[in-house]
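All remarks here apply to the structure that follows.
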Amino acid sequence: MTEPHEIPDRLAELLQSARSITVLTGSGVSAESGVPTFREALTGLWATFDPEELATRSAFLRNPRLVWEWYAERRRTVQRVEPNPGHFALARLEQMVPNLTLITQNVDGLHQRAGSRRVLELHGNITQVKCFDEDTAVAAWPEDEQVPPRCPRCGGLLRPDVVWFGEALPAQALRAAMLASRNCDLFFSVGTSGVVEPAASLPYDALRARVPMIEINPDSTPLSRHATFRLVGPSGLLLPLLIERTWGHDAVRASSQSDAR
Ligand code: OAD
C-alpha cells in the first residue's frame with residue numbers, strides 16, 4: 001500500500017507541469033461507491049455464470065430475461081450509490097490541467113455525476129437502453145410488463161445500451177481515446193484489470209509514445225510491471241492524495257464540494 005509520504009516527488013512535479021493528461025478508468029474506481037467491480041459482480045444468483053455468458057448477444061438471444069435482469073439489478077445499484085472521492089478527484093483534475101481526457105470502461109455514469117465534463121464512454125452506459133433489432137436508443141420503457149420490455153416503435157426486445165463481448169466499441173470514442181493516449185504528457189490507468197481489449201492496449205499506446213504511465217490499483221495487473229510509477233491502494237484514497245501532494249490541501253477540498261451536480 002502506498003503511504004501518503006510515498007507519493008514520489010517526481011510524480012507530483014510531472015503532474016504539476018503536465019499540460020495534457022489522459023486517464024483510463026475501470027470498475028475499480030467505482031468499488032468504493034459500492035458498485036461491485038465487473039468480475040466481482042457475478043455473485044449471488046449470477047455466481048455460476050461466466051461474464052462472457054451474460055455480456056454477449058448470443059447470451060441475450062438464448063436467455064433475454066436472465067441478461068436483462070442481471071443488468072437491471074446493476075442499474076438499480078448504480079442509481080442508489082454516489083460518486084466517491086476518486087471520482088471527485090478526477091473531476092478536479094479536469095479543472096487543474098489545460099487538457100484532460102477521461103476514458104472510462106465504466107457504464108455507471110459516476111464520473112459525470114461527480115462533475116467530469118468530458119468523458120469518453122468506451123462501453124456505453126447502463127442507465128440507457130436501446131432496441132436490440134433497430135440499435136436505436138429508447139428514452140422510456142414499461143418496467144412492469146414483459147421482461148425484457150418491448151421497443152415502443154417496433155416491438156423488438158430492449159437491451160442495455162452497453163458494449164457486449166464481440167461487439168464493436170463506439171468508433172468515434174475509441175478513435176479519440178487512442179489519439180489521446182498517444183498524445184499526452186502523462187497517462188493514468190486506474191482501477192482496471194487491463195485485460196479486455198481494445199481498452200487494455202491504450203496504456204501500451206502511451207508507453208510506445210514514451211509517455212510516463214502511472215497505475216493506481218490495490219492489486220497487480222499485467223500492466224503493473226510496465227508502469228513508470230505504481231501507486232498501490234484504492235483510488236478513492238490515492239487520487240485525492242495525489243492532488244493534495246501536487247496542488248495542496250485546498251485543491252482536494254474543492255474537489256469534494258463544488259463539483260457534484
Ligand atoms: P475488473 O473487474 O476486471 O477489474 C477491476 C480492477 O479494479 C481490478 O484490477 C481490481 O484490483 C481493481 N480495484 C478493486 N478495487 C479498487 C479500488 N478501490 N481502487 C482501485 N482499483 C480497484 O474490471 P474492469 O477492468 O473495469 O466490459 O473490466 C474491464 C471491462 O471488462 C469492463 O468494462 C467490462 C468487462 O468486460 C464490458 O462489459 C464490455
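The values are calculated or read from the model by the stated rules, or taken from the named source; none is laboratory data. If you're wondering where the values come from, they're calculated on a predicted model, not measured in any experiment. Counting neighbours? That spans all protein chains shown, and the Cβs are built from the backbone with ideal geometry, glycine included.
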**OP:** Residue by residue through region 225-246, note down the ones that are of a type in the set (Asp, Glu) and under 10 Å from THR2 (Cβ atoms).
**Re:** none
**OP:** Taking the options ALA206, ALA173, name whichever one is under 30 Å from ARG62 (Cα atoms), under 21 Å from the mean Cα position of the chain (by Cα) and at pLDDT 90 or above.
**Re:** ALA173
Subject >> Extreme residue, farthest from VAL163 (Cα to Cα), among residues of region 137-150 that are out of contact with any Pro (no Cβ under 7 Å at 6 or more places or on another chain) and surrounded by 12 or more Cβ atoms within 10 Å (Cβ to Cβ) >> reply: GLN146
Original post:
Looking at region 186-229, which of its residues are outside any helix (DSSP H, G or I), away from the ligand (no atom under 12 Å from the Cβ) and of a type outside the set (Val, Ile, Thr)?
Top reply: LEU186, PHE187, ALA209, ARG210, PRO212, MET213, ALA227, PHE229
Subject >> Check on GLU134, part of a loop (DSSP other than H, G, I, E, B), surrounded by fewer than 17 Cβ atoms within 10 Å (Cβ to Cβ), modelled with pLDDT of 90 or more and more than 16 Å from the ligand (Cβ to nearest atom) >> reply: yes
Subject >> Count - residues of region 90-122 that are within 16 Å of the ligand (Cβ to nearest atom), assigned to a loop (DSSP other than H, G, I, E, B) and without any contact (Cβ under 8 Å) to a residue 60 or more places away in the chain >> reply: 2
Original post:
Which residues, counting only those in region 119-147, are among the aromatic types (Phe, Trp, Tyr) and under 10 Å from LEU157 (Cα atoms)?
Top reply: PHE132
